[in-house]
Amino acid sequence: GGRGGRRDDRPRQGSDLRTGLTIDLEEAFEGTTKEFTIERPTQCDTCNGEGHPPDADVSTCSQCNGQGQVRQVQQTPLGRVQQTSTCPRCEGSGEVYSEDCADCGGDGVVREEATLSVDVPAGIRSGQSLRMQREGAPGENGGPNGDLLIEVDVDVGDRFERDGDDLRVEEAVSFPQAVFGDTIDVETVDGVVQMDVPAGTQSGETFRLQRKGMPRLRRRGRGDLYVQVGVVVPDSLNEEQREALEAFAEAGGEDIDVDRGFFEKLKSSF
């Protein structure tokens, strides 16, 4: 005969399942609804989770005599030791059936693909999980399904670095912009903003744009955006640029060969 139905008659909640979900930075910023497909155990429709056809013959398990448990006695140097365990033939039910369900093989569950939708809140970070209640493995003896835990991975991309709710980005400025100051456009996650570059800005200097980072998860406000500027040094000069830089060097009391030394010195100072 086939296997029995359940170990006991108490309702048991099903196991929790886990899966992963990847979203991009813009989706993490705005919040989104994502559809995904998962393969999971599901109650067998053919036998309604019983593990056997409705018309299968039932009999008392001969291995445990209907007790659902078997006892094993061992002789040890300290005396006889008796161990009790669940009957392996009827799995604790005390009954066996003449045949198993052809679709689930007596397990009462089958593996099927399911397409689900989950709401991803704005501000979520990599490694955080979302819980979908009752979307896990089926329960036993009428117990509820377990939950589905979805671990989120946020693909930040190449432009930004993320540190909690804060973002970091690099922006290039020209040598004249760094020397004289300027206002530049900075692309954030949700649009372009303007940032003032003060006169005399050094390469590698970082500026903070408040509340231009990521939303705080389930809280008000946003993190900040930190902009690190890098001064771009031209690889070649035209005649007018060369003369201007020679005059710049002379005005500073420096004797520099512009063709060979000025920008090399400039680069090494950053």
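Annotations
- The single condition from (1) over 44 Å from the mean Cα position of the chain (by Cα); (2) closer than 30 Å to Ala122 by Cβ that Leu21 fails is (1).
- For the range 164-181, a residue qualifies if it is out of contact with any Pro (no Cβ under 7 Å at 6 or more places or on another chain) and either over 18 Å from Glu205 (Cβ atoms) or open to solvent by less than 50 Å² (accessible area, probe 1.4 Å) (or both), and the qualifying residues are Gly164, Asp165, Asp166, Leu167, Val169, Glu171, Val173, Ser174, Phe175, Gln177, Ala178.
- Residues in the range 191-208 that are touching an Asp or Glu at 6+ places or on another chain (Cβ under 7 Å) and open to solvent by 30 Å² or more (accessible area, probe 1.4 Å): Val192, Gln194, Arg208.
- Those strands (runs of 3 or more DSSP E) of the range 1-118 in which at least 3 residues are surrounded by 14 or more Cβ atoms within 10 Å (Cβ to Cβ) and at pLDDT 90 or above, considering only elements entirely within it, cover 17-24, 32-43.
- Residue within the range 111-120 that is among the hydrophobic types (A, V, I, L, M, F, W, C) and farther than 26 Å from Arg40 by Cβ present: no
- Residue count, the range 177-234 (criterion: polar (S, T, N, Q) and over 22 Å from Asp165 (Cβ atoms)): 6
- Condition check for Glu91: under 43 Å from the mean Cα position of the chain (by Cα), closer than 19 Å to Asn141 by Cα and among the acidic types (Asp, Glu): yes
- Residue match in the range 175-187 (condition: among the aromatic types (Phe, Trp, Tyr) and closer than 18 Å to Pro234 by Cα): yes
- Scanning the range 128-143 for residues that are assigned to a helix (DSSP H, G or I), in contact with a strand residue (DSSP E or B) (Cβ under 6 Å, 6 or more places away or on another chain), open to solvent by less than 10 Å² (accessible area, probe 1.4 Å) and not hydroxyl-bearing (Ser, Thr, Tyr) turns up nothing.
- Flag for Val154 being within 32 Å of the chain's Cα centre (by Cα), in contact (Cβ under 8 Å) with a residue 24 or more places away in the chain and either buried (at least 19 other Cβ atoms within 10 Å of the Cβ) or under 30 Å from Arg18 (Cα atoms) (or both): yes
The values are calculated or read from the model by the stated rules, or taken from the named source; none is laboratory data. Model, not experiment: these values are computed from the prediction. All Cβ positions, even for glycine, are placed from backbone atoms using ideal geometry, and neighbour counts span all protein chains on display. These area figures cover heavy atoms from the full protein model, side chains too; ligands, DNA and RNA do not enter into them. Shrake-Rupley method; radii C 1.70, N 1.55, O 1.52, S 1.80 Å.
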